[in-house]
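J.: Please find one structure pasted underneath; my questions will follow.
The values are calculated or read from the model by the stated rules, or taken from the named source; none is laboratory data. Only a predicted model underlies this, so the values are computations on that prediction, with no experimental measurement involved. Neighbour counts are summed over all protein chains in view; Cβ atoms, including those assigned to glycine, are modelled from backbone coordinates with ideal geometry. For the accessible areas, the whole protein counts, side chains as well, though only heavy atoms, and no ligand, DNA or RNA atoms are used. Shrake-Rupley method; radii C 1.70, N 1.55, O 1.52, S 1.80 Å.
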Amino acid sequence: PNTVKFYCFQVLEMAGKAGMKVGDMMMHMQTTGIKDWSDTATPKNTITTACGQDPAFVRVAPATFALRAYHPDMAPTATLPSHKHNRGGGDGERRLAVRTPGSSGKEKGGKKKDPPKWEPPVFVPPPPRGSRSLRR
């Protein structure tokens, strides 16, 4: 209930079929006290991302979203992952495979290889000015 998607849903439910621009949604949430955006660096981007990644919302115009329930004929802005992309058990929980650069994830014996340790680059100072080592 205390998520940006929930706040967007509340505002767009009141907006109806026409939907609402992202900037107007932000201002409405701020003025009505639904959400305080003063501590958020990019509130419009936050709202756009929240609405763009949930199939409950549709983009009806540039920077304007509405609830998909009001537009059943429109394709959702985002789609749910299909079963082909859902890795894991039948419980619906999504699991992601994590690999380190340069490894296939499994090495001989089924053990994973540790990633190489990062070392800072070695600083080589430039030759002093007037040095003849670079001149011919």
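J.: Just checking, does region 37-45 include any residue being among the aromatic types (Phe, Trp, Tyr) and in a helix (DSSP H, G or I)?
T.: Initial filter on region 37-45 (among the aromatic types (Phe, Trp, Tyr)): 37.
Filter again for in a helix (DSSP H, G or I), leaving none.
Taking every residue of region 37-45 in turn, none turns out to be among the aromatic types (Phe, Trp, Tyr) and in a helix (DSSP H, G or I).
J.: Related question: Within region 40-58, track down each residue that is open to solvent by 70 Å² or more (accessible area, probe 1.4 Å) and aliphatic (A, V, I, L, M).
T.: ALA41
J.: Pairs please, first residue from region 3-24 and more than 15 Å from GLN53 (Cα to Cα), second anywhere and in a helix (DSSP H, G or I) and not aliphatic (A, V, I, L, M), Cβ atoms under 7 Å, 6+ apart in sequence or on different chains.
T.: Taking only residues 6 or more apart or on different chains, the pairs are VAL11/HIS28; GLY16/TYR70; LYS17/TYR70; GLY23/LYS44.
J.: So, ALA61, is that one exposed (fewer than 12 other Cβ atoms within 10 Å of the Cβ) and under 20 Å from the mean Cα position of the chain (by Cα) or not?
T.: No.
J.: Next question, about the same structure. Looking for whichever is farther than 30 Å from MET20 by Cβ, surrounded by 10 or more Cβ atoms within 10 Å (Cβ to Cβ) and modelled with pLDDT under 75 here; the options are LYS108, LYS112, LYS84. Which one fits?
T.: LYS112
J.: Do we find that VAL122 is more than 30 Å from CYS8 (Cα to Cα), at pLDDT below 55, assigned to a loop (DSSP other than H, G, I, E, B) and open to solvent by 100 Å² or more (accessible area, probe 1.4 Å) in this structure?
T.: Spelling it out, it is not the case that VAL122 is more than 30 Å from CYS8 (Cα to Cα), at pLDDT below 55, assigned to a loop (DSSP other than H, G, I, E, B) and open to solvent by 100 Å² or more (accessible area, probe 1.4 Å).
J.: Considering every residue within region 30-39, establish whether at least one is over 24 Å from the mean Cα position of the chain (by Cα), at pLDDT below 55 and either of a type in the set (S, T, N, Q) or open to solvent by 80 Å² or more (accessible area, probe 1.4 Å) (or both). Outline the logic, then answer.
T.: Kept after step one, since they are over 24 Å from the mean Cα position of the chain (by Cα), are these residues of region 30-39: 31-33.
Filter again for at pLDDT below 55, leaving none.
No, every residue in region 30-39 fails to be over 24 Å from the mean Cα position of the chain (by Cα), at pLDDT below 55 and either of a type in the set (S, T, N, Q) or open to solvent by 80 Å² or more (accessible area, probe 1.4 Å) (or both).
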